[in-house]
1. Could you please give the count of residues in the stretch 45-78 that are farther than 27 Å from residue 104 by Cα and loosely packed, with under 14 Cβ neighbours inside 10 Å?
2. Determine which single condition residue 145 fails, assuming it passes every other condition in (1) buried (at least 19 other Cβ atoms within 10 Å of the Cβ); (2) in contact with a Leu (Cβ under 9 Å, 6 or more places away or on another chain).
3. Suppose we filter the stretch 74-99 for residues that are over 18 Å from the mean Cα position of the chain (by Cα), at pLDDT 95 or above and of a type in the set (Asp, Glu); how many remain?
4. Looking only at residues that are among the small types (Gly, Ala, Ser) and within 14 Å of the chain's Cα centre (by Cα) in the stretch 126-170, which one is farthest from residue 86 (Cα to Cα)?
5. For residue 60, work out the one condition from (1) modelled with pLDDT under 95; (2) touching a helix residue (DSSP H, G or I) at 6+ places or on another chain (Cβ under 7 Å) it doesn't fulfil.
6. Looking only at the stretch 199-212, which residues are part of a loop (DSSP other than H, G, I, E, B) and either surrounded by fewer than 13 Cβ atoms within 10 Å (Cβ to Cβ) or among the β-branched types (Val, Ile, Thr) (or both)?
Amino acid sequence: MSKLYKAKSTMRFLAMKCKPLVKVVRMMKCKWNNADNVGKILRSDGAEVAARIQRILTDAGIETSLACGSLLGVVREGHFMAHDDDLDFMVVVTPGFDWDAVRIALEPEGFTLRYHYMFGNTITEQTYATDSGFRFDIFGFVADEETSTMRLFYYAQRRDMIYENPGDSSVWYRDLPLCRNMVPVEVEGHTLVIAGNAEDILAVHYGPDWRVPDTGWSPKEALVFMDGVIGKRVVEA
């Protein structure tokens, strides 16, 4: 057997052995590139996607506003914040609100419901995503007309507690001024919708200094813990 033949045989053997490893590395690279690209997608196409989502829901008779970090970025800076990796919307939940209607409107348009958060029988948040990894949350702010407030719920696990199931969590809440008079706002050439009293909402949610960026801000600083209440993250099949 010639040395050339042996060399070629060795190279073919190594190629066969390394092929699965190369495939895994490529898969990992694609995964990380996809994760890295989510923020870039938001900054380049976020306003267009947000406008499309709001149009879909408006056509279905569901009124929305930007919320949380998305609302803060648009009102304070005129665009979505550089470190954001998703979009936040709010719907004001009143008696008879139908979360299924949100899903029915969005899923035929390519937005898949990934999971929702709830405690008891009350759904308070849904998370949707596209095949490209782009994700957005729809928060249900529960309205209280008597106090002119709406309640935002937040879910997380506490280190000092033991939970029966991986999807279980503790629940916090924050009462904000009730969303009033939706108004249009232009963001990078696209018309989005926000609450007319957005500044009042932001002042309560993020504090009186909300106009000054604070990288150390934590949502728990402004939330009230609901002792004894266990929330669940329900993953959709």
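The values are calculated or read from the model by the stated rules, or taken from the named source; none is laboratory data. Computed from a predicted model, the values in this text were never measured in an experiment. Don't worry about glycine lacking a Cβ; one is built from the backbone with ideal geometry, like all the others, and counts go over all protein chains shown.
1. Narrowing the stretch 45-78 to residues farther than 27 Å from residue 104 by Cα: 72-78.
Filter once more, keeping what is loosely packed, with under 14 Cβ neighbours inside 10 Å: 77-78.
Total satisfying the criteria: 2.
2. So residue 145 meets the others, but not (1).
3. Of the residues in the stretch 74-99, 1 are over 18 Å from the mean Cα position of the chain (by Cα), at pLDDT 95 or above and of a type in the set (Asp, Glu).
4. The first filter runs over the stretch 126-170 and keeps only residues among the small types (Gly, Ala, Ser), leaving 129, 132-133, 140, 143, 148, 156, 167, 169-170.
Then drop every residue that is not within 14 Å of the chain's Cα centre (by Cα), which leaves 129, 133, 140.
Numbers: 129: 10, 133: 10, 140: 17 Å.
Applying the filter and picking the extreme gives 140.
5. Here residue 60 meets the rest and fails (1).
6. At the first step, the residues of the stretch 199-212 found to be part of a loop (DSSP other than H, G, I, E, B) are 207-212.
Within the stretch 199-212, 208, 209, 212 qualify.
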